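Below: the structure, in structure tokens.
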Amino acid sequence: MCYVGRLVQLTLVKRIYEWSKSTSGLTFIPKWNWLAVFTMGNSSGHNNTLSIPPGKGPHRVGCTDLMVGHTVHGTFLRLYYPCQASENPQLPDWVPCREYFNGLADFMKMNRALSERIFNYLFGSCKIPAAWNASFKPDGKYPVIIFSHGLGAFRDESASATFYFRENAEPGTKKHPSCDIAKPVSDNLEEVWMYYRPLKPGENEFPLRNKQVKQRADECIRALDILFDINSGKSVENVLQCDFDLSTMENSMDLCRIAIMGHSFGGATVIECLCKDVKFKCGVALDTWMFPLDEEIFPGVKQPIFFINSEKFQWIGNIIRMKKLDSAIFPRKMITIKGTVHQSFPDFTFLTGNWIGRLMKLKGEIDPHIALDLFNKATLAFFQCHLSELFTFLGLCASAHFLKTFF
């Protein structure tokens, strides 16, 4: 769930919401059954299912949530990793609880109660194709990718919704956690939700977005520091109740092969991270929104960068800013995938059918599965060149789901 610059790309839901307030022409359909109108004929051409496709790589994929520090200044991420095979693994929900739906409603300036029902109907049963808390699979040292999401995804204040915990001074009054998979270890902690920080009337957008991209980069660097601690065998305390044993990942990461990736606002985060931390050896920026970046940092970026753009999203001014990162010394590559749109990169493109997806610009002219393969193969070739060794980990997860951080 991402965005197009400042424009929300959940147009399908917005249209449904607007039409729900004026049911002219739909009154003959039983209450809420009219939502089926938007799913009829929504076959994807791949087994007629609307789901995030599983990865095609050599390993099965596991995932777990990790929160280090329970306050607003802590780090909250989702970790994807190669895992052991198991029968009937638990697959986590794509959107784990109603508060995230509320955050999306606020982000889109929609009524929470109504939009929650719409979101839940359309996407409430969607699963992420990764085994929840599955056992880690040791197999040498794996490279590492930190992934930064778009402006409207989860989890930080440049997102639709996230949460942290605060200490509850009154025993016995603790609120029940909203997400079953995100319960705190301590009984005296309760959730505090933070929602997207919109522009205030008359506020200049650049200072806000520039501050947010710097914060996002710092969060990515903190996430990497945590992975360094895990790899070195240091004890990392997870605030969340979790069956996954982080100590099994000791000495499992090749910390000479670290990359940063991101989509849209997350693509801008890629540039900021490369400038701030040389531990990132290269970066892949997917359909980047360059607006949040201060061009003064561009000369400080010394690592290889690969821009992969969609055909329909980019415009001349944005491309010109990308070209300002050109260098005669450091590798800079840029390609455009014909037939793609901004939403061809994240998972959303797989969760709407063909005609609705194209109507609402959630799908491009190219089959999204083919587009995904092109993105992955291009990225793999780039990593093979700039991370030295064969990067077999890339194909593990669908869409943007490899060692992805959801701050």
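Listed values, structure above:
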| read-out | value |
| --- | --- |
| Table column - 3J(HN,Hα) (Hz), the stretch 372-386, Karplus curve with 6.51, -1.76, 1.60, x for Gly and Pro | 4, 4, 5, 4, 5, 5, 5, 5, 4, 4, 5, 5, 4, 6, 10 |
| Probe 1.4 Å, all protein chains present, accessible-area order of ARG78, ARG98, ARG321, ARG112, largest first | ARG98, ARG112, ARG321, ARG78 |
| Three semi-axes of the equivalent ellipsoid, the stretch 214-368, Cα gyration tensor, whole Å, largest first | 31, 23, 13 |
| Accessible area (Å², 1.4 Å probe, nearest 10) - ILE320 | 90 |
| More than 19 Å apart - percent of Cα-Cα pairs taken over the stretch 94-223 | 63 |
| Taking the convex hull of Cα positions in the stretch 61-169, its mean projected area over all directions (nm²) | 9.2 |
| SER186 accessible area, assembled protein chains, probe 1.4 Å, Å² | 50 |
| Solvent exposure, largest accessible area first (probe 1.4 Å, DNA, RNA and ligands not counted), of ASP373, ASP277 | ASP373, ASP277 |
| Accessible surface, 1.4 Å probe, highest first, among residues ARG117, ARG60, ARG332 | ARG60, ARG117, ARG332 |
| Note, ³J(HN,Hα) from phi for the stretch 74-87, Karplus 6.51, -1.76, 1.60, rounded to Hz, x at Gly and Pro | x, 10, 10, 8, 10, 10, 10, 7, x, 10, 6, 5, 8, 7 |
| Amide H contacts under 5 Å for ALA131, placed H, 5+ residues apart | VAL61, GLY62, CYS63 |
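The values are calculated or read from the model by the stated rules, or taken from the named source; none is laboratory data. Here the structure is a predicted model, which means the values were calculated and not measured. SASA here: full protein model, heavy atoms, side chains in, ligands and nucleic acids out. Shrake-Rupley method; radii C 1.70, N 1.55, O 1.52, S 1.80 Å.
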